[in-house]
1. If you line up the long axis of helix 10-21 against the longest principal axis of the chain, both from Cα atoms, how many degrees apart are they, to the nearest 10?
2. Evaluate the charge dipole of the chain about its Cα centre and quote only its size in Debye, nearest 20, assuming +1 on the Cβ of each Lys and Arg and -1 on the Cβ of each Asp and Glu.
3. Give a quick list of trypsin sites (Lys or Arg not before Pro) in region 1-109 that DSSP marks as loop, anything other than H, G, I, E or B, with at most 11 other Cβ atoms within 10 Å.
4. Mind giving me the nanometre distance, one decimal, between the label points for ARG107 and LEU142, set 7 Å out from Cα along Cα→Cβ?
5. Which of the GluC sites (Glu not before Pro) found in region 1-56 are in a DSSP loop and have at most 11 neighbouring Cβ atoms, other than their own, within 10 Å?
6. Does region 24-88 classify as rounded, prolate or oblate by the C-alpha gyration tensor (a ≥ b ≥ c root eigenvalues; a/c under 1.5 gives rounded; else a/b over b/c gives prolate, otherwise oblate)?
7. Counting only protein heavy atoms and a 1.4 Å probe, tell me what percentage of the chain's accessible area is made up of carbon and sulfur.
8. Determine the per residue accessible area of region 108-209 with all protein chains present and a 1.4 angstrom probe, expressed in square angstrom.
Amino acid sequence: MLNIALPKGRLGEKVYAMFAAAGFDCPAILEENRRLVFENEALGLRYFWVKPSDVAVYVERGAADAGVAGKDILLEHAPDVYELLDLKTGICRMAVAGPADFRDDSRRRLRVATKFDRIAGEYYASLGRDIDVIHLNGSIELAPLLGLSDVIVDIVETGATLRENGLAVLAEILPISARFITNKASYEFCREQIEALRRGLEKQTEERA
Ligand code: PRP
């Protein structure tokens, strides 16, 4: 059995649809229930749903042979895995956001709230700007509203969360999308099966382009 970790939620559903369209389906996965593991014995595949930010942990440690993770997570945690394919879905951007009229005062350390400490740190280091990283786990947009931070570094998809909270994108850092990743040892031992998946998914990304 090849173990595949899928990110639970909206992105995972889109990504599973790509696996299914590529011929690697597992119909039980679409049933409404709380199960986390689904097998297609005939295809030798076992899918399981994990928290999106945990997919790379499962894959790096070999509990999953392959999986799908956002480029944001891969850059932030730099897991020791192979990134085989850009799935061109789950597209969003990593950006600096804050009040639209925010003006940076270079005499002060900039307070940056984020889930992505490394990405924020590297971005501001590249600008030579000294920052104070304030790590949060969610609802990052609240931080500048309550004066906890000056700006945030976060994912922007539709921009609705920023707009509805009176914030705006101040700078774009990186484009983000979902990636098909594999455990390094699994790629050696199960290369044929993993490559068949990669080719099938690649065809899906081309057809959807
Ligand atoms: C993400 C991100 C933004 C939002 C952006 O949050 O942190 O808050 O989505 O999407 P939008 O541009 O389409 O509004 P998520 O839903 O993952 O929840 P979180 O607050 O727990 O980070």
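1. The answer is roughly 30 degrees.
2. 200 debye
3. Here the sparse-neighbourhood loop sites are ARG34, ARG35, ARG103, ARG107, ARG108.
4. If labels sit at ARG107 and LEU142, their model points lie 3.3 nm apart.
5. Listed in order of number, the matching sites are GLU31, GLU32, GLU41.
6. prolate
7. Carbon plus sulfur share of accessible area: 49 percent.
8. 54 Å²
The values are calculated or read from the model by the stated rules, or taken from the named source; none is laboratory data. Every value quoted in this text rests on a predicted model; they were computed, and no experiment measured them. So basically every Cβ, Gly included, is an ideal-geometry build from the backbone, and we count neighbours across all protein chains shown. Accessible surface areas use protein heavy atoms only, side chains included; no ligands, DNA or RNA. Shrake-Rupley method; radii C 1.70, N 1.55, O 1.52, S 1.80 Å.
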